[in-house]
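**Student:** Okay, handing you the structure first.
Please treat every number below as a calculation from the coordinates, not as lab data. All figures in this text were calculated on a predicted structure; none of them were measured in a lab. All Cβ positions, even for glycine, are placed from backbone atoms using ideal geometry, and neighbour counts span all protein chains on display.
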């Protein structure tokens, strides 16, 4: 059964998009049945071009990516979420809607990253910040994919996700 992971950031334009791309890319390469989705509480309606460039730079196809509301993941047609990860501090502080997992509420964790959109140094500085953020996200996603997600109970999953947050 597919493990569905929702990654949240307020505007769903940069960090959550990088996370969705990296998790889907790595899970496909590793043959894992994990599907990432991203959304925001106040989606901007646009994707940061530096995020798309960072993903495309490592061969990830970003066709079909879009900025979307977390409301898309609360209805009866939403995928059964197992994990919800917030990647920006403002999204972590917000009251999340009720997400329905395969066995009740999904496990939630915060994996914060500084906003690469705020990097100094013009376009060159932003490109570097986005690439470093993509790499940091990829490191945690590999740790996530190393877990036996199909057999972990909710408590073990929560513990593993919290340990990854500290790495």
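**Student:** Stretch residue 69-residue 156 to full length: gain in nm at 0.36 nm per residue minus the Cα-Cα span?
**Tutor:** Values: separation 87, 0.36 × 87 = 31.32 nm, distance 2.91 nm.
Result for the pair: 28.4 nm of gain on full extension.
**Student:** May I pose another question? Return one number: the angle in degrees, 0 to 90 and rounded to the nearest 10, between the long axis of the Cα atoms of helix 154-165 and the longest principal axis of the Cα atoms of the chain.
**Tutor:** It works out to around 20 degrees.
**Student:** Further question: Which one of 34, 107, 58 has the biggest mean-square fluctuation once the chain is modelled by GNM with Cα springs under 10 Å?
**Tutor:** 58
**Student:** Starting with the fewest neighbours, write out 4, 25 ranked by other beta-carbon atoms found within 10 Å of each beta-carbon.
**Tutor:** Taking fewest neighbouring Cβ atoms as first place, the list is 25, 4.
**Student:** Have a look at the DSSP beta bridges in the range 3-148 and tell me what percent are antiparallel, nearest 5.
**Tutor:** Working: 1 of 17 bridges.
Roughly 5 percent of the DSSP beta bridges within the range 3-148 come out antiparallel.
**Student:** Further question: Once you have the Cα-Cα distance between residue 117 and residue 135, take 0.36 nm times their residue separation minus that, and quote the gain in nm to one decimal. Spell out each step's value before the answer.
**Tutor:** Working: separation 18, 0.36 × 18 = 6.48 nm, distance 1.55 nm.
4.9 nm is the gain from fully extending residue 117 to residue 135.
**Student:** Report, in deg cm²/dmol and to the nearest 500, the calculated mean residue ellipticity at 222 nm for the chain, where each DSSP H run with n ≥ 4 adds -39500 (n - 2.57) and the sum is divided by the residue count.
**Tutor:** Values: 5 runs with 65 residues, N = 167.
So the helix-based figure for the chain works out to -12500 deg cm²/dmol.
**Student:** 7 Å from Cα along Cα→Cβ at both residue 29 and residue 163: what's the point-to-point distance in nm?
**Tutor:** Label at residue 29, label at residue 163, 2.3 nm between them.
**Student:** If I take every Cα pair under 8 Å that is 6 or more residues apart in the chain, average their sequence separation and divide by the length, what percent do I get for the relative contact order?
**Tutor:** Working: 301 pairs, mean separation 42.6, N = 167.
RCO, the chain: 25 percent.
**Student:** Next up: Once the Cα atoms of helix 15-30 and of the chain are each reduced to a long axis, what angle between those two axes, in degrees from 0 to 90 to the nearest 10, is obtained?
**Tutor:** Computed tilt is about 60 degrees.
**Student:** Scan (1) 12.8; (2) 10.3; (3) 9.2 for the value of mean projected area of the Cα convex hull in nm² calculated from this model and give just the label.
**Tutor:** Entry (3).
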